[in-house]
1. Scan segment 87-100 and give yes if some residue there is outside any helix (DSSP H, G or I), of a type in the set (S, T, Y), closer than 30 Å to N36 by Cβ and in contact with a Lys or Arg (Cβ under 8 Å, 6 or more places away or on another chain), otherwise no.
2. Please count how many residues of segment 156-181 are open to solvent by less than 10 Å² (accessible area, probe 1.4 Å) and of a type in the set (G, A, S).
3. Could you check segment 371-385 and list, in sequence order, the residues that are part of a helix (DSSP H, G or I) and open to solvent by less than 20 Å² (accessible area, probe 1.4 Å)?
4. Look at Y279 and say whether it is touching a residue at least 40 places away in the same chain (Cβ under 8 Å), open to solvent by 10 Å² or more (accessible area, probe 1.4 Å), closer than 20 Å to T53 by Cα and aromatic (F, W, Y).
5. Given the options S303, S195, name the one that is surrounded by fewer than 20 Cβ atoms within 10 Å (Cβ to Cβ), more than 29 Å from A63 (Cβ to Cβ) and within 30 Å of the chain's Cα centre (by Cα).
6. Scan segment 231-253 for residues that are closer than 24 Å to I383 by Cα, of a type outside the set (A, V, I, L, M) and either crowded, with 22+ Cβ neighbours inside 10 Å or at pLDDT 95 or above (or both) and jot them down.
7. Please indicate, with yes or no, whether at least one residue in segment 110-118 is closer than 19 Å to V236 by Cβ and without any contact (Cβ under 8 Å) to a residue 40 or more places away in the chain.
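The values are calculated or read from the model by the stated rules, or taken from the named source; none is laboratory data. No experiment lies behind these values; they were computed from the predicted model shown. Every residue, glycine among them, receives a Cβ derived from its backbone with ideal geometry; neighbour counts consider all protein chains shown. Quick note on the areas: whole protein, heavy atoms, side chains included, nothing else; ligands and nucleic acids left out. Shrake-Rupley method; radii C 1.70, N 1.55, O 1.52, S 1.80 Å.
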Amino acid sequence: MKKKSINLFQEKLSSLNLKNHNLLSYQGTHVAINLNNLKSNLNYLKKNLEPSTKIMCIVKAFAYGSGPLIIGNFLEKNNVDYLAVAYTNEGVKLRLSGIKLPILILHPQIDDFDEILKYHLEPNIYSFRILDKFLSKSKKHPFHLKFNTGLNRLGFKIDDVDLLYDILGHGKNIKYLFSHLGASDDVKEKSFTMSQIELFDTISKKMSNKFNKVFNKHLLNTSGILNYHDYQYDMVRTGIGLYGYGNDDEYNKKLKPVLTLNSVISQIHNVQKNESVGYNRGFIAEKDYKIGIIPIGHADGISRALGNGKIGFRINNQIAHTIGNICMDMLMVDITNIECKEGDMVSIIDDKNQTAEEIGNISDTISYEILTALSSRMKRIIIEN
């Protein structure tokens, strides 16, 4: 396997071309992006789809920490049908990197439509306020029409169909109808999920009858793809599954985490009994210790709550627990009984021993939050065969 690195934080988006960059390996704090695992996950998800079902890949929130330009360019080369982001500026950056795939903006704001039109992005139209503003800019540009089926976030309701018809008439620029499942990963909530699916079917039929046309549709997220295979419609959306997490132990065995996070020991100190370590003297040594200073902190996404021994990181196949409070740019670990030296690698998140999901469990949160909290200031290292 070979490693290539790119510091997206420093790149000019308009000139980024992954294929032509002179990418060098990097041994400091870095996020490693395994494109082989990404392709494996994409292929696994596709195997759960009918041949005619299109796939939309979610690259919002810095592609779940992996870097949207790395991920977006790779996905385009691997023939996915759509990309999706949360906000318009994310879509603009993808366009400036040269990506030509259709891009859905999941949560456009009222002042975004000039950029959406300029960069040929497709907005989610979810309210009459947004619809009115959008139509004042263009009556021909394609959009996706979202309905609320029970998640109670964004979306029109079934009672809005008649007024939508009055406003849109022929509806030619409605590219897709869609909704979002709220609990497709929870088997205990199957009846609720089925109620969402049934309501979406009812809305779709009402829209078709009113507009006298058949609309394309997408509904399923990653857990929907894996647990509700029969409701693929014309396209599905995948986010967390693409990055290696299936919200289920059985699916996690078949998916491969794409992202790992590594750092190094910057310095080693011998701390004597009764000395303190870190801000607010968060740790007082009750004996002599040897500690390692690691150049990664809460500004990089390592929660301050993980200090004071809450978690350990792997150094030379041994676990070094945190000591004192996590700082903004570094943290300290106990290496008293570990054979190591300055410059040795520290594994923070890996794809087997301590995944983002396991760190989420320790932090009383979910893998999504661990991944998306990882700062864009850290280098991203590309790994592929």
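1. Of the residues in segment 87-100, the ones outside any helix (DSSP H, G or I) are 87, 97-100.
Next cut, of a type in the set (S, T, Y) only: 87, 97.
In the following step, the residues that additionally are closer than 30 Å to N36 by Cβ were identified as 87, 97.
Now restrict to residues that are in contact with a Lys or Arg (Cβ under 8 Å, 6 or more places away or on another chain): 87.
Checked segment 87-100: at least one residue is outside any helix (DSSP H, G or I), of a type in the set (S, T, Y), closer than 30 Å to N36 by Cβ and in contact with a Lys or Arg (Cβ under 8 Å, 6 or more places away or on another chain).
2. Total satisfying the criteria: 2.
3. So the first thing to find is which residues in segment 371-385 are part of a helix (DSSP H, G or I), and the list is 371-372.
Across segment 371-385, the qualifying residue is only L371.
4. Working: touching a residue at least 40 places away in the same chain (Cβ under 8 Å): yes; open to solvent by 10 Å² or more (accessible area, probe 1.4 Å): yes; closer than 20 Å to T53 by Cα: no; aromatic (F, W, Y): yes.
Judged against the criteria, Y279 is not a match.
5. Numbers: S303 fails: more than 29 Å from A63 (Cβ to Cβ).
Result of the check over S303, S195: S195.
6. Quick first cut of segment 231-253, residues closer than 24 Å to I383 by Cα only: 238-246, 251-253.
This time we only want the ones that are of a type outside the set (A, V, I, L, M), so: 238-239, 241, 243-246, 251-253.
Selection gives T238, G239, G241, Y243, G244, Y245, G246.
7. In the first step, residues of segment 110-118 are kept if they are closer than 19 Å to V236 by Cβ; the result is none.
No, because not a single residue in segment 110-118 is closer than 19 Å to V236 by Cβ and without any contact (Cβ under 8 Å) to a residue 40 or more places away in the chain.
Per-residue answers, yes or no, for (1) surrounded by fewer than 17 Cβ atoms within 10 Å (Cβ to Cβ); (2) modelled with pLDDT of 95 or more; (3) closer than 30 Å to V264 by Cβ:
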residue	(1), (2), (3)
L38	no, yes, yes
P51	yes, yes, no
A84	no, yes, no
L106	no, yes, no
L121	no, yes, no
